[in-house]
């Protein structure tokens, strides 16, 4: 049963509906007029929203309150006796007389409310809209404002196709003239770009776009063709105009050619086809270090934010996570595809996605390792572009495994797994310089700064060999260098006011006297045995190195300082010499325990003065050298390891120390590929690691390792050679008989 309040609400809704209809009529008329005059959808939508908004602000349909509705009904219905407002009050708050009057008003409204019409001007809106539409139709039909229609289109400077006769002497009459030319480009649907039409014949579009040509002449001709890349495509005659279409795949050039009825040939200029490829998505992970480790009692969660951008929209993005469990023979890998916490909206060009990975939910235990990267796909069809981020690592520390060992003269195994070495930094720096032209300035500087951070981490890790040197101590050393440079600057100003170097306080001048304090100038110690003892209270002395190795390692650290500086200054080309010198010093330290035999030089025979400058060459023998140059093998240690594994499997002998070194080199070569594709090579890399530490290895593990190394080698390019054919006396007789009777 309808209450009095509901009756008033229904009347208000009817009134508001009429007002909104009036607003729509006022806005529709001018919008249709603009569309018919200018044929521009954007201007039409702007007019519709502008006029509708202004009209709505004036009429205010949303501001009709129930109190104003009750007052309006009292003015137009005398039977209510100005008591309609009683319907807005609850019966509990009314007297007995007021309740009786409330029920009476309700019955009156149910019977006579339909006789009251809300005030509106819908008829006036219909008239105005009709007038605007009729004016627009008249302008559109008779083209009264043709200049305005043309101005609504993009202003294009026409570039008419100019045809030149191939044989001007054969032309006996005026050639056909071009009266219409049009080039329409329809972009792939996934780009969401509107089609475009122009009179310019040069093409610049996305790969996969469809191009449509239309040209028309003032007289009949025989045929029209399009020539491109040595191919010819005939254009079809449709409604007096020649049309042609194609799908763009590569850049190039094209031109038009036609023959008139007298077989005279005409050719146009060349027009360019520039095809732009759909770029791969850009994936960047923020808020997490590349290597993260957790203790067993910590909150083992990895949280990060991924920023993905693409030029035409992103289709999908996900995380590929690989869990490594166990060690030795029992190592197992499990790969999972994880989704982000927030929903992916397909088609967006920029996305910021968040993910929180709980290692406990991944069923990881102490000693387990997690490798993950983000993969993104764009909306390209039929095959999407795929991009992936760098690989990040998360490890739960194993409390029962040893983390330090001593071999030869140097502490080893201090580096964490997959730690970036100096050689890898050099490779990455050279790759950055090679890709400089392909990268934006921001991305180039970002990658250079990241390499500088990796150089810093490597320097600090090597500094641990010096007896606990930390980053703060390294900064202290830099402060000492600042003092030295200030002293040198004062001395330089006294001598000749030399020009100040802005990088002097940050670089190391390796040619200056005692720059790196490699030889400490101290007074002779009183104790004659002091130079033969290790003072373990001094962090500089409590190391595993002799004094010569400490000097070389300090030189390497100083070179790393300068290498990091130029990487931070976004000049990696200046950083490379320092990186190479640091690598050479590190290699010298590793090879310090080896013995080298000095090579004896060559002493040439004395020159005979009576034969000198005579020009006699009869006794000079000729010299010819033939040499076959082979391409450098990128994986020599892996190939040698495969051969050595074959010997170990067949001979069933134990693994020697030389084998361990060989497998270590093979692991370095395989690590580069494993970082790019961890799910494919991680198991083999893990086997190489534990096989180089354990002497007794089962035959099945050796076979599996050999198979994994085979899979890591690149495919061999085909090398056709003539194979030897087996022959016998009977076959020779048969061939001879066939040749006789041929």
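So the values come out like this:
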{"read-out": "Condition met for residue 337 (assigned to a loop (DSSP other than H, G, I, E, B), touching a residue at least 12 places away in the same chain (Cβ under 8 Å) and more than 13 Å from residue 394 (Cα to Cα))", "value": "no"}
{"read-out": "Number of positions in segment 225-259 that are surrounded by 14 or more Cβ atoms within 10 Å (Cβ to Cβ) and assigned to a loop (DSSP other than H, G, I, E, B)", "value": "3"}
{"read-out": "Residue check, residue 117 over 57 Å from the mean Cα position of the chain (by Cα) and either at pLDDT 75 or above or part of a helix (DSSP H, G or I) (or both)", "value": "yes"}
{"read-out": "Segment 274-308, residues that are under 17 Å from residue 386 (Cα atoms) and surrounded by fewer than 17 Cβ atoms within 10 Å (Cβ to Cβ)", "value": "277, 279, 282, 284, 307"}
{"read-out": "Residues being at pLDDT below 90, surrounded by 15 or more Cβ atoms within 10 Å (Cβ to Cβ) and under 23 Å from the mean Cα position of the chain (by Cα) - total across segment 181-204", "value": "3"}
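Residues checked against (1) on the phi > 0 side of the Ramachandran plot; (2) part of a loop (DSSP other than H, G, I, E, B); (3) modelled with pLDDT of 90 or more; (4) not assigned by TED's automatic domain parsing to the domain that holds residue 210:
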position: 261; (1), (2), (3), (4): no, yes, no, no
position: 289; (1), (2), (3), (4): no, yes, no, yes
position: 299; (1), (2), (3), (4): no, yes, no, yes
position: 345; (1), (2), (3), (4): no, yes, no, yes
position: 355; (1), (2), (3), (4): no, no, yes, yes
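Table: residues versus (1) in the same structural domain as residue 667 (by TED's automatic domain parsing); (2) outside any helix (DSSP H, G or I); (3) at pLDDT below 90.
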residue: 424; (1), (2), (3): no, no, yes
residue: 429; (1), (2), (3): no, no, no
residue: 432; (1), (2), (3): no, no, no
residue: 445; (1), (2), (3): no, no, no
residue: 451; (1), (2), (3): no, no, no
residue: 459; (1), (2), (3): no, no, yes
residue: 462; (1), (2), (3): no, no, yes
residue: 469; (1), (2), (3): no, yes, yes
residue: 472; (1), (2), (3): no, no, yes
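The values are calculated or read from the model by the stated rules, or taken from the named source; none is laboratory data. Being a predicted model, the structure only gives us computed values, none of them experimental. Cβ atoms come from the backbone with ideal geometry, glycine included; neighbour counts cover every protein chain shown.
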